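**Q** Take a look at this one; I'll ask things after.
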Amino acid sequence: MQQILTPQQHAILQRERDLFSTLETIAARLEAPLSDLELLAKARRQLDEFFLLVVVGEFNSGKSAFINALLGNRFLDEGVTPTTSQIHIITYGPQPLAEQLEPFLLRVRYPVAWLQEVNIVDTPGTNAIIPRHQQITEAFVPRSDLVLFVTSADRPFSESERIFLSLVRDWGKKVVVVVNKIDILEDEAALNQVMDFVRNQSTAVLGAVPRLFPVSVRLAQRAQRAASGPEQEDLLARSRFLELERFIRDSLDQQERLRLKLESPLGVAERLQLAYGSAAQQRLGLLQEDFATLAAVDEQIDAYAVDMRHDFRFRLSQIENILHDVRARGDRFFEDTLRMGRFFDLINAARLRAEFEREVVGDTHERIEQEVSSLIDWLVERNYRQWQEVTGYLNRRAAAHSDRILGEIGGAFEFNRQKLLQSVGRTAREIVAAYDKGAEARKLSESVQTALAAMGAVEVGAIGLGAVLLHLLTRALDPLGILAAGSVAIAGLFILPARRRRAKQELDAKIEDLRQRLSAAMTAQFERELEHSSQEIREAIAPYTRFIRVEHDKLRQIQGQLHDLTAAVANLRREINTLIP
Ligand SMILES: Nc1nc2c(ncn2[C@@H]2O[C@H](COP(=O)(O)OP(=O)(O)O)[C@@H](O)[C@H]2O)c(=O)[nH]1
Ligand SMILES: [Mg+2]
């Protein structure tokens, strides 16, 4: 075919090849079934192959007889029983030759010049008894350049023929309808009736009126055998075969063959384009819902953080209140102690310290410890519930689509997605199941302890949170330190009120300092914990998130490509139609 092409035709051919390559890439990226890829490869190769005329219809409608008449020889078996027991590819050869290509597929060669340009496929029948016949025949439809549809006047347009014709339509193939055996019809009225019927039925299936030819192959064959003369003329005229033969020869002349050849794979492209378009659409729909799930999880994580911070501030203020109480008690202590009347108490430093620790510090460290550990329990419990929440989302998402079918090419995608969702859900469930609240709380408590100990330069061993707090408190609030700077004992009557004020101020400053450090340490721990748990959840669902993002981008890209392909096919069709006036 290549040699006879004009540059314009050559360009069209090249564009068509490119179009099929793109479609093949899309099919592979969508994980379409292998048969699709084969089909596309065949359609692309078909452009370089012989013109293929495929003859279909119920068995006994006269397909083999028709081909024989067309070739002018009785090459193929004819008969009232299903005589064609194989699919025949009829092609040219200097002498008759038959080769078995595969079970039920035979290539036969005949020395008929016309077969050098056109290959014919003879099929057993649309009402095949052997399922493999049906499969092979159907596989020839997308490969065909022209379909010749032979129905018999004695049972025109049977159900199996109707079904088959819709397959031909689905592949966008050009079809010519032949009504054979018109010799058995009584008169013109009966013929008209049959023709009307076939026309209506086939138009209904195809959506357009096809070319329709009434013939009698039998009479044509008899004419071929008869000696030339009026009898032969009469047979030929009654067979109406010449008209059909001329049409076939005309429409299969070089230019028209080329046009049909360029045009015929486009139906295949369009069909798969449509299928892939809707697959992409469906998948994107599903991913949209996945995005919604992820957004819900994200929102959940954010809302959790907001909520937690709010509660944390409240809990922290409880701890700060305890320190406020210490301050109030300290003020009162200095008020009561730094008096001339208690002069002898004041000079006994050990007693003073003991009294301060008893009255001011008291059980403060235990109360703070209690608050801190209840805060930790709360944090651990909330984190646990957060995980449960997220697991719930994932489980609901996995359940929502476990029974949804995405059509025949949805399989691999949906399978991968489902598997991923399940494994992510499983991870989350496992984390929830293995969640040891006690251990989590201990871990957290230890890290709080370490942070506080670092603050007060305390050795952390197994001394416990309470001990660390006590150490911090007594060190920070050391009354002798506060009272120092000159002997209290010799302080004069007038100095004591000033000393009292100073002591109170110092205590205030130290407690404020302690409060700030404690609060900073707690807040830092809390924020770290919050960040950590959000991070953990995001990491657990990361494979799912990644899959959705990647698939989404891929599908949008494919949609764009398919969109361009649709335009390309339409353009090609237009150009091919203008090739030949
Ligand atoms: N009456 C009549 N019989 C025909 C005609 N063409 C074919 N036949 C017969 O119909 C039978 C089936 O023909 P065949 O070509 O084997 O049909 P196929 O199964 O479609 O290939 C044979 O006996 C043919 O002789 C025709 O135009 N008129
Ligand atoms: Mg046959």
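**Q** In the range 37-60, which residues are more than 14 Å from E16 (Cα to Cα), away from ligand 1 (no atom under 16 Å from the Cβ) and open to solvent by less than 20 Å² (accessible area, probe 1.4 Å)?
**A** F51, L52 - these are the residues of the range 37-60 that are more than 14 Å from E16 (Cα to Cα), away from ligand 1 (no atom under 16 Å from the Cβ) and open to solvent by less than 20 Å² (accessible area, probe 1.4 Å).
**Q** Here are L167, L206, L191, L146: which of them is within 16 Å of ligand 1 (Cβ to nearest atom) and either modelled with pLDDT of 90 or more or under 36 Å from the mean Cα position of the chain (by Cα) (or both)?
**A** Within the list L167, L206, L191, L146, the selection yields L191.
**Q** Taking the stated definitions as given, is T81 open to solvent by 70 Å² or more (accessible area, probe 1.4 Å) and of a type in the set (S, T, N, Q)?
**A** For T81, the condition - open to solvent by 70 Å² or more (accessible area, probe 1.4 Å) and of a type in the set (S, T, N, Q) - is met.
**Q** When residues of the range 95-106 are filtered for being assigned to a strand (DSSP E or B) and open to solvent by 70 Å² or more (accessible area, probe 1.4 Å), how many remain?
**A** Residues flagged as assigned to a strand (DSSP E or B) and open to solvent by 70 Å² or more (accessible area, probe 1.4 Å) within the range 95-106 amount to 4.
**Q** Next up: Give the residue that is nearest to ligand 1 (Cβ to nearest atom), with candidates limited to residues of the range 61-75 that are farther than 22 Å from N127 by Cα and part of a helix (DSSP H, G or I).
**A** So the residue we want is A69.
**Q** Among the numbered conditions (1) at pLDDT below 90; (2) of a type in the set (A, V, I, L, M); (3) open to solvent by 40 Å² or more (accessible area, probe 1.4 Å); (4) closer than 27 Å to V179 by Cβ, tell me where I136 comes up short.
**A** (3)
**Q** So, Q86, is that one away from ligand 1 (no atom under 16 Å from the Cβ) and without any contact (Cβ under 8 Å) to a residue 60 or more places away in the chain or not?
**A** no
**Q** Determine, yes or no, whether G207 is closer than 27 Å to R573 by Cβ and small (G, A, S).
**A** In short, yes.
**Q** To continue, here is another question. Pull up the range 281-330, narrow it to residues that are under 46 Å from the mean Cα position of the chain (by Cα) and basic (K, R), then point me to the one that is least open to solvent (accessible area, probe 1.4 Å).
**A** Only one residue fits best here, namely R283.
**Q** Could you list all residues from the range 99-146 that are within 16 Å of ligand 2 (Cβ to nearest atom) and closer than 15 Å to L167 by Cβ?
**A** Listed by number, the residues that qualify are V121, T123, G125, T126, N127, A128, H133, Q134, I136, T137, F140.
**Q** Same structure again: Would you check if S374 is within 15 Å of E529 (Cα to Cα), part of a helix (DSSP H, G or I), at pLDDT 80 or above and not aliphatic (A, V, I, L, M)?
**A** Spelling it out, it is not the case that S374 is within 15 Å of E529 (Cα to Cα), part of a helix (DSSP H, G or I), at pLDDT 80 or above and not aliphatic (A, V, I, L, M).
**Q** Tell me whether the range 67-89 contains one or more residues that are more than 15 Å from ligand 2 (Cβ to nearest atom) and β-branched (V, I, T).
**A** No.
**Q** Are any residues in the range 84-94 more than 15 Å from T123 (Cβ to Cβ) and open to solvent by less than 50 Å² (accessible area, probe 1.4 Å), and if so, which ones?
**A** Across the range 84-94, the qualifying residues are T91, G93.
**Q** Got at least one residue in the range 15-24 being of a type outside the set (G, A, S), more than 16 Å from ligand 1 (Cβ to nearest atom) and free of Cβ contacts under 8 Å to residues at least 24 places away in the same chain?
**A** Yes, the range 15-24 contains a residue that is of a type outside the set (G, A, S), more than 16 Å from ligand 1 (Cβ to nearest atom) and free of Cβ contacts under 8 Å to residues at least 24 places away in the same chain.
For (1) open to solvent by 30 Å² or more (accessible area, probe 1.4 Å); (2) within 16 Å of L148 (Cα to Cα); (3) more than 10 Å from ligand 1 (Cβ to nearest atom), each residue gets a yes or a no:
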| position | (1), (2), (3) |
| --- | --- |
| P210 | no, yes, yes |
| F213 | no, yes, yes |
| L219 | no, no, no |
| Q224 | yes, no, yes |
| S228 | yes, no, yes |
| A237 | yes, no, yes |
| E243 | yes, yes, yes |
| I248 | no, yes, yes |
| S251 | no, yes, yes |
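**Q** Just to be sure before I move on: is S317 among the hydroxyl-bearing types (S, T, Y), more than 26 Å from S144 (Cβ to Cβ) and at pLDDT 90 or above in the structure I sent?
**A** So S317 passes the test.
**Q** Another question, then. Under 8 Å between Cβ atoms, which residue pairs at least 6 apart in sequence (or on different chains) link something in the range 107-125 that is among the aliphatic types (A, V, I, L, M) with a partner that is within 12 Å of ligand 2 (Cβ to nearest atom) and assigned to a helix (DSSP H, G or I)?
**A** I120/I67
**Q** I want to confirm something. Restricting to the range 508-527 and keeping residues that are in contact (Cβ under 8 Å) with a residue 40 or more places away in the chain and among the charged types (D, E, K, R), which single residue is surrounded by the fewest Cβ atoms within 10 Å (Cβ to Cβ)?
**A** Taking the candidates together, the pick is D508.
**Q** Mind checking which residues of the range 113-129 are within 16 Å of ligand 1 (Cβ to nearest atom) and farther than 21 Å from F157 by Cα?
**A** I120
**Q** Hey, another quick one. Filter the range 327-355 down to the residues that are at pLDDT below 90 and among the hydrophobic types (A, V, I, L, M, F, W, C) and list them by number.
**A** F333, F334, L338, M340, F343, F344, L346, I347, A349, A350, L352, A354
The values are calculated or read from the model by the stated rules, or taken from the named source; none is laboratory data. This is a predicted model, so every value here is computed, not measured. So basically every Cβ, Gly included, is an ideal-geometry build from the backbone, and we count neighbours across all protein chains shown. Keep in mind that these areas ignore ligands, DNA and RNA; they rest on the heavy atoms of the full protein, side chains included. Shrake-Rupley method; radii C 1.70, N 1.55, O 1.52, S 1.80 Å.
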